1. Filter the stretch A:99-141 down to the residues that are within 14 Å of ligand 2 (Cβ to nearest atom) and small (Gly, Ala, Ser) and list them by number.
2. Applying the selection to the stretch B:64-79, what residues are of a type in the set (A, V, I, L, M, F, W, C), surrounded by fewer than 23 Cβ atoms within 10 Å (Cβ to Cβ) and facing chain A (nearest Cβ under 8 Å)?
3. Test residue A:80 against the stated conditions and say whether it is assigned to a loop (DSSP other than H, G, I, E, B) and open to solvent by 10 Å² or more (accessible area, probe 1.4 Å).
4. Among the candidates A:152, A:117, single out the residue that is in contact (Cβ under 8 Å) with a residue 60 or more places away in the chain, away from every other protein chain (no Cβ under 14 Å) and either under 20 Å from residue A:211 (Cα atoms) or crowded, with 17+ Cβ neighbours inside 10 Å (or both).
5. Anything in the stretch B:30-53 that is part of a loop (DSSP other than H, G, I, E, B) and more than 10 Å from chain A (Cβ to nearest Cβ)? List them, or say none.
Amino acid sequence: MAIKNLPREECYLPGSAACPGCPATMALRITFKALGKNTMMIVPACCTAVIESLHPHTSFDIPTMNIAFEAAAAGASGVEAGLRMQGKTDTTVVAWAGDGGTYDIGIQALSGALERGTNFIYICYNNEIYSNTGIQRSGATPYGAWTTTTVGGKTEFRKEMGEIIQAHHIPYAAQTCIAYPEDMYKKLVKAKGIKGPKYIEIMAPCPPGWRFSMEKTVEMGTMAVETGAWALYEVENDKVTFNGKSKLILEKKIERKPIEDWIKHQGRFRHLFKPKKDVKRIKTIEDHIDLIWERYRKRHL
Amino acid sequence: MKKYDVVTTISYPKKGAMGKTGTWRVFRPILDKVKCVKCLRCWIYCPEATVIRNKDDTVDIDYEYCKGCGICANVCKVKAITMEREGKKK
Ligand SMILES: Cc1ncc(C[n+]2csc(CCOP(=O)(O)OP(=O)(O)O)c2C)c(N)n1
Ligand code: SF4
Ligand code: SF4
Ligand code: SF4
């Protein structure tokens, strides 16, 4: 799949409230291209609810329903049931939430919808923080990262959402990243073609939240994958397949890059480099990534 | 466009729902069509959908809404896009 084969159609309309360099709108564009116009989206409180822009206008040319922070998957379940009762089973129902709305506050509704077998796609764009309310830590924030609620750097590791999702044994789950639009597109199209609950998580580096300059969003995504801080994989009926560079890292065909290559460009990790390099905490991050990859290899090689 | 008569708050799709976001720009992407190899990386990565993909896969920039993030310039492998400060005297 080459870039030129991706559809021209746009359901994200320019001139929204998103910050310049926003990873969420990048992901939305690809999502709309992959799923097409016959899609309904349920959006809880998060940046995306703001990116929709102000009443009486919206930047999304797709029916979108806003709902309470914790209720994305519950809302999607209701919309899916309503459509089913009307015989409109060809409409793709999407819940679209941030990592705060997914890892933390919406996890109960999400788990419930997956367990009930709701026919929908749950998409989490993961910017590793609660960005809409001004950068607070979430269960997805990595160890060592500054947020307004982890001033000296987060002291815990991020939650392994992928494993929590896999414990539901749903027909399809995948991790992708805004820097790999073709990978993202392929996974979304595949999810659309499968009945039952699907989960897709998109790594979404956020310039104001991570404190990097706005032209670097794609680079930060690429480096997340190349350093192994993020993995591209998909899970089809419990079979896990790694994709792209992540596959090569898994099979040890390439070495993952040192984590410094990624974090030194992000102001949220600046305290690990200035005034003095915090070798110990950088090594803690590095060791944790190694541990995760060893676990991946043990299970999936 | 079809309007719905229901008792809830409904917004309707509109380009420029937050106004002309081109005014947010500090740096302006300038495209050199001679250098461009039509790879479409700028088009697919532009967060604002303001890199216009023409029929023949050449690209143009929609300055009315482009927010000047510089991603298009950064992802272009042949450096066909450069960022110039707005209002710079020639
Ligand atoms: C029950 C409840 N608690 C808190 C809020 C305030 N709130 C709105 S958006 C948001 C953060 C959302 O974070 P995330 O889901 O990660 O999405 P992002 O903003 O990063 O896109 C919070 C805390 C709310 N709307 N409802
Ligand atoms: S804070 Fe981050 S995710 Fe939210 S609109 Fe801005 S760039 Fe996008
Ligand atoms: S990224 Fe550069 S070469 Fe590719 S289409 Fe855009 S301007 Fe042309
Ligand atoms: S500067 Fe940013 S918003 Fe403007 S065209 Fe380039 S990528 Fe799009």
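1. A:100, A:101, A:131, A:134, A:138, A:140
2. B:73, B:75
3. The answer is no for residue A:80.
4. The match here is A:152.
5. B:32, B:33, B:34, B:35, B:36, B:37
Residue-wise test of (1) at pLDDT below 95; (2) touching a Pro at 6+ places or on another chain (Cβ under 8 Å); (3) surrounded by fewer than 23 Cβ atoms within 10 Å (Cβ to Cβ).
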{"site": "A:59", "(1), (2), (3)": "no, yes, no"}
{"site": "A:107", "(1), (2), (3)": "no, no, yes"}
{"site": "A:124", "(1), (2), (3)": "no, no, no"}
{"site": "A:127", "(1), (2), (3)": "no, yes, no"}
{"site": "A:134", "(1), (2), (3)": "no, no, yes"}
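Here's the yes/no breakdown for (1) closer than 20 Å to residue A:187 by Cβ; (2) touching a residue at least 12 places away in the same chain (Cβ under 8 Å); (3) in contact with an Asp or Glu (Cβ under 6 Å, 6 or more places away or on another chain); (4) within 16 Å of ligand 3 (Cβ to nearest atom):
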| residue | (1), (2), (3), (4) |
| --- | --- |
| A:39 | yes, yes, no, no |
| A:50 | no, yes, no, no |
| A:55 | no, no, no, no |
| A:61 | no, yes, no, no |
| A:71 | no, yes, no, no |
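The rows are residues; the columns are (1) of a type outside the set (Phe, Trp, Tyr); (2) closer than 30 Å to residue A:281 by Cα.
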{"site": "A:180", "(1), (2)": "no, yes"}
{"site": "A:183", "(1), (2)": "yes, no"}
{"site": "A:219", "(1), (2)": "yes, yes"}
{"site": "A:222", "(1), (2)": "yes, yes"}
{"site": "A:231", "(1), (2)": "yes, yes"}
{"site": "A:241", "(1), (2)": "yes, no"}
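The values are calculated or read from the model by the stated rules, or taken from the named source; none is laboratory data. Note that the structure is a prediction, hence the values are computed from the model and not measured. Note: ideal-geometry Cβ built from the backbone for every residue, glycine included; neighbour counts use all protein chains shown. Each accessible area value is taken on the protein alone, full model and side chains, heavy atoms only, with ligands, DNA and RNA left out. Shrake-Rupley method; radii C 1.70, N 1.55, O 1.52, S 1.80 Å.
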